[in-house]
Each structure stands twice: as structure tokens, then as C-alpha cells.
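Notes to accompany the following structure.
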């Protein structure tokens, strides 16, 4: 398949495809069982639909012959000002996914460039993401670095 050239903004009507990409992304990385991913899908789809509607989530989709073959999103959330950023909005990039048949064609980079440009336009100085082993080289080549953030699962 040739490189798709059509990138469009996602709408609330795209919440199912974004959810599907998120599911595949976690499945492909072996992060969770299908049962766990199904529960995530059930909660995520209405979450992303609402945030697409109120513009807190900006989704980009790549289409080839009217089929969505890749996508990425950025969630703009309220965040307390601190020493790294004075503004009260943080951008969290998520759901970067390309279908297997179009991987290696630069689609994820194009999506990331568009997202970062949108963040610059909005005056956001801090952008975060969680990288899979496959995505890490791309993000590092774009200037991302590992931070001192830690996580604790409370098992709830």
C-alpha cells in the first residue's frame, strides 16, 4: 500500500475507530488480555466521544481510499502550573497507531508533527506521552526524553 496522504480531524463519529486503534495498540504490545481490553473499550469509547465533542481531545486520522489506516490524539487537560510549565494546560499524546500494512511509511511521524504544531499554536510548552518499545525511537528522534515520572497501581 502506498503512503496515505489524507490527514483529517476526527469527530465524535470517529470514536469507535479511535477505540479500535487503542485496543489494537495495547493488544499488539501484549499489555493486556482481550477481556481487560474489552472493559477498557467499553469505558474509553464514551470518554473519547465526549472529549472530541468538547475539543479537549484532538484526534487526527490518516485515510487511504476512505479507510482509516492510522491515527493519533492529544488530550488537553487542566494541570497545576509548576517549574517546567507555568500554563495550566498539559498536552498528553495518546493513541498513536498505524495499521500493520502501512507501518514504516512515516505516518506516525506526520501525525506527531501535526500534533506538536497544534500544541505550539496553543502555547503549550510541555507535552507528555507513554512510549511503547516500538514507538520510542520515533519519539526520541523528535526530542522526547524520559522523565522522572513514576506510577503506582492501587489494584482497585
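From the list 71, 53, the lone residue that is in contact (Cβ under 8 Å) with a residue 24 or more places away in the chain and in contact with a strand residue (DSSP E or B) (Cβ under 6 Å, 6 or more places away or on another chain) is 71.
Is it true that some residue in segment 20-32 is crowded, with 16+ Cβ neighbours inside 10 Å and part of a loop (DSSP other than H, G, I, E, B)? No, segment 20-32 contains no residue that is crowded, with 16+ Cβ neighbours inside 10 Å and part of a loop (DSSP other than H, G, I, E, B). Of the residues examined, residue 108 is not one that is free of Cβ contacts under 8 Å to residues at least 40 places away in the same chain, touching a helix residue (DSSP H, G or I) at 6+ places or on another chain (Cβ under 8 Å), closer than 22 Å to residue 24 by Cα and part of a loop (DSSP other than H, G, I, E, B). From the list 132, 147, the one residue that fits, being part of a loop (DSSP other than H, G, I, E, B), within 24 Å of residue 14 (Cβ to Cβ), at pLDDT below 95 and out of contact with any helix residue (DSSP H, G or I) (no Cβ under 6 Å at 6 or more places or on another chain), is 132.
For segment 40-80, give me the residue count where each residue is outside any strand (DSSP E or B), surrounded by 11 or more Cβ atoms within 10 Å (Cβ to Cβ) and at pLDDT below 95. Within segment 40-80, residues that are outside any strand (DSSP E or B), surrounded by 11 or more Cβ atoms within 10 Å (Cβ to Cβ) and at pLDDT below 95 number 1.
Taken over segment 120-135, residues that are within 13 Å of residue 93 (Cβ to Cβ) and free of Cβ contacts under 8 Å to residues at least 24 places away in the same chain amount to 1. Taken over segment 6-26, the criterion of being free of Cβ contacts under 8 Å to residues at least 40 places away in the same chain and over 15 Å from the mean Cα position of the chain (by Cα) is satisfied by 13 alone.
Would you confirm whether any residue within segment 3-16 is in contact with a strand residue (DSSP E or B) (Cβ under 7 Å, 6 or more places away or on another chain), within 18 Å of residue 103 (Cα to Cα), modelled with pLDDT of 95 or more and in a helix (DSSP H, G or I)?
no
Per the listing 101, 117, the residue uniquely part of a helix (DSSP H, G or I) and free of Cβ contacts under 8 Å to residues at least 12 places away in the same chain is 117.
The values are calculated or read from the model by the stated rules, or taken from the named source; none is laboratory data. Keep in mind that this is a model prediction, so the values were computed, not measured. A quick note on method: Cβ atoms are made from the backbone with ideal geometry, for glycine too, and the neighbour counts reach across all protein chains shown.
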